[in-house]
Amino acid sequence: MAGICKISTGAKIIASVQIVWARVSGNQDVQLIVHDCLEIRETEEELKKLLSQEKTLSGKERLQLLYLLKAKKAKSVTEAAEVLGRNRVTLQDWLKKYREGGLRVIAS
């Protein structure tokens with residue numbers, strides 16, 4: 001079983017986490033994994049358009065990361081890192097910036 005929990009302040013969602021549960025012997029539910037889920041607000045089409053307009057290599061890489069995740073062409077940050085030829089930690093840093101400030105911050 002899996003679920004998505006959204007944490008909000010008023011109308012603004014500030015975090016989204018995925019909680020994965022498993023049933024073990026004795027029919028007890030046990031929480032297995034809790035991790036951040038990234039909500040990419042832009043559509044695949046918007047990201048494609050932005051990619052075609054981006055002038056810098058670093059900006060293209062960061063937009064490509066968002067596109068890979070949004071289009072589910074990469075199932076994880078680790079997989080996206082392999083596709084982009086970058087370190088997973090670097091991509092996690094970019095995604096942290098995106099969570100904090102959106103496209104405006106990730107492109108800089």
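Shown for Val77, Val105, Val89: other C-beta atoms within 10 Å of each C-beta, ranked fewest to most, produce the order Val89, Val105, Val77. The C-alpha radius of gyration of the stretch 44-106, expressed as a fraction of 2.2 N^0.38 Å, stands at 1.01.
In percent, how large is the relative contact order of the stretch 44-106, given Cα pairs closer than 8 Å and 6 or more residues apart?
Working: 42 pairs, mean separation 15.4, N = 63.
After rounding, I find 24 percent.
Modelled label positions at Glu45 and Glu79, each set 7 Å beyond Cα in the direction of Cβ, lie 2.5 nm from each other.
All of the numbers you see were taken from the coordinates with simple rules; none came from a lab. Nothing here was measured: the structure is a model prediction, and the numbers come from that model. Methodologically, a virtual Cβ is constructed for each residue, glycine included, from the backbone with ideal geometry; neighbour enumeration extends over all protein chains shown.
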